[in-house]
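Each remark here refers to the structure printed beneath this line.
Bear in mind that the values in this text are calculations on the coordinates, not laboratory data. Computed from a predicted model, the values in this text were never measured in an experiment. Neighbour counts are summed over all protein chains in view; Cβ atoms, including those assigned to glycine, are modelled from backbone coordinates with ideal geometry.
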Amino acid sequence: MKLYRLFTFLFTSVTTGLAAALIVLLLRPDLFQGTWLGDAGDHTALAGSGKGPVSYADAVARAAPAVVNVYTSKLTRTSVNPLFEEPLFKRFFGDSLSKPTYRRENSLGSGVIVNANGYILTNNHVINGASEIQVVLRDGRQFAARVVGRDPETDLAVLQTAGGELPIATLGDSRQLRVGDVVMAIGNPFGVGQTVTMGIVSATGRSELGISTIENFIQTDAAINPGNSGGALINARGEVVGINTAIFSDTGASHGIGFAVPVRIAKVALEQISQHGRVIRGWIGISAQEVTPALAESFGLRQADGLLISGVLEGGPADKVGIRPGDLLLKVEGKPANRASRVLDLIAGRQPGDALTLTLERAGKTLEVEVLVAERPAEQ
């Protein structure tokens, strides 16, 4: 009898519970969304659980207003065919064909507004030789701009516009970037209008690409095309971490290998151009190349570490302290000199008048010399 009552109680409870659940499911199905394994709502919940944002719209909204389109124009002189200079030709056709002609060339790029004074970071190759520069904001406003200064060695330039109430980009810390971080490129590719593309940081510290003299690029697979040059490379928080500069391509279009100048370098160029109209860099008047085992053997070097000094400018700072071609540069200020780009960056970061201690190897002997840094000549 007791078992019968227990069975009846359990059966009634389970039936009532199932009936109640069915009624709730029919009346409020939204309460059960995202609770079943594999349900689409479950994926949404996971995506927003601290692993990363579902959308990057907030980051773009933060940075995009400060990215401008840069339109430039310049007059170019067309050379005259030497045949038109011949007296016999002039006799029959006159001298009108022997006069040079001029034509106006237009080009486009992008830029980033970086402070309330209307300063805009862009690439030097975007504005090089331009006689007129116009910047167009995302909201449609258009202003004339002037060149404050250029830095061909990093392919950067600073413009200034007099527009009021300008949006200003937030500059991030490019030193914190890691391979695999999500980044977005904002610019005006092919003149179609402001465009955002997304990718990741493919590599950092890229150098020896032949793009500029001083190279320390961020590599990304975010699509960068003609017209993107000078635009912003931003992180997932909407902070500018680089200035888009170049692509690796044999067609002119993106192949997924783009390069941006780290904002760390751009900040230095901005500060110095703002103060001096140019970038002042340290220089000691040497050229060097990295040592390979074959090169070490041919020069009779004891080790394949360091940089082989291949040239010393006569009368330059290095020449004055007795540094010679063929010396092996082992350390600069106690730091190993194992990459030419890093040594160039270290020396360039010093101010004229600073003293640098170099550790060298010559004829099997180690010696230290102190050289006074000079200002890097512009033509270098």
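To the nearest 0.05, how large is the calculated FRET efficiency for Ala355 and Arg146 if R₀ is 35 Å and r is the Cβ-Cβ distance? Let's see the in-between values first.
On the way: r = 38 Å, r/R0 = 1.09.
After rounding, the FRET efficiency stands at 0.40.
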Length added when fully stretched, His255-Ala363, from 0.36 nm per residue minus Cα-Cα: 34.1 nm
Rounded to 0.05, the calculated FRET efficiency for the beta carbons of Lys267 and Ala116 at R₀ = 22 Å is 0.90
Starting from the amide H of Ile200, placed 1.01 Å from N in the peptide plane, find each other amide H under 5 Å away whose residue is 5 or more places distant or on another chain. Val183, Asp221, Ala222
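Would you mind counting up the charge near Leu358? Only other residues with Cβ under 15 Å from its Cβ, with Lys and Arg at +1 and Asp and Glu at -1. Each step should come with its number before you reach the end.
Values: positive: Lys320, Arg324, Lys331, Lys335, Arg342, Arg350, Arg362, Lys365; negative: Asp305, Asp319, Asp327, Glu333, Asp354, Glu361, Glu368, Glu370.
Taking every other residue near Leu358 into account, the sum is 0.
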Neighbour-count ranking [beta-carbon atoms within 10 angstrom, fewest first] of Leu121, Leu330: Leu330, Leu121
Candidate cut points under trypsin sites (Lys or Arg not before Pro) in the range 137-223, DSSP loop plus at most 16 other Cβ atoms within 10 Å of their own Cβ, are Arg138, Arg141, Arg178
Once you put a point 7 Å from the Cα of Ile168 and another 7 Å from the Cα of Gln289, both along the Cβ direction, what distance in nm separates them? 4.8 nm
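Defining a contact as two alpha carbons under 8 Å apart and six or more residues distant in sequence, what relative contact order in percent does the range 174-276 show?
Numbers: 245 pairs, mean separation 25.9, N = 103.
Reported relative contact order: 25 percent.
For Ile218, Ile265, Ile200, Ile224, what ranking results if the residue with the fewest other Cβ atoms within 10 Å of its Cβ goes first?
On the way: Ile218 27, Ile265 21, Ile200 14, Ile224 30.
Final ranking by Cβ density, sparse to dense: Ile200, Ile265, Ile218, Ile224.
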Note the full-extension length gain between Asp58 and Asp139 as 0.36 nm times their separation in residues minus their Cα-Cα distance, in nm to one decimal. 27.4 nm
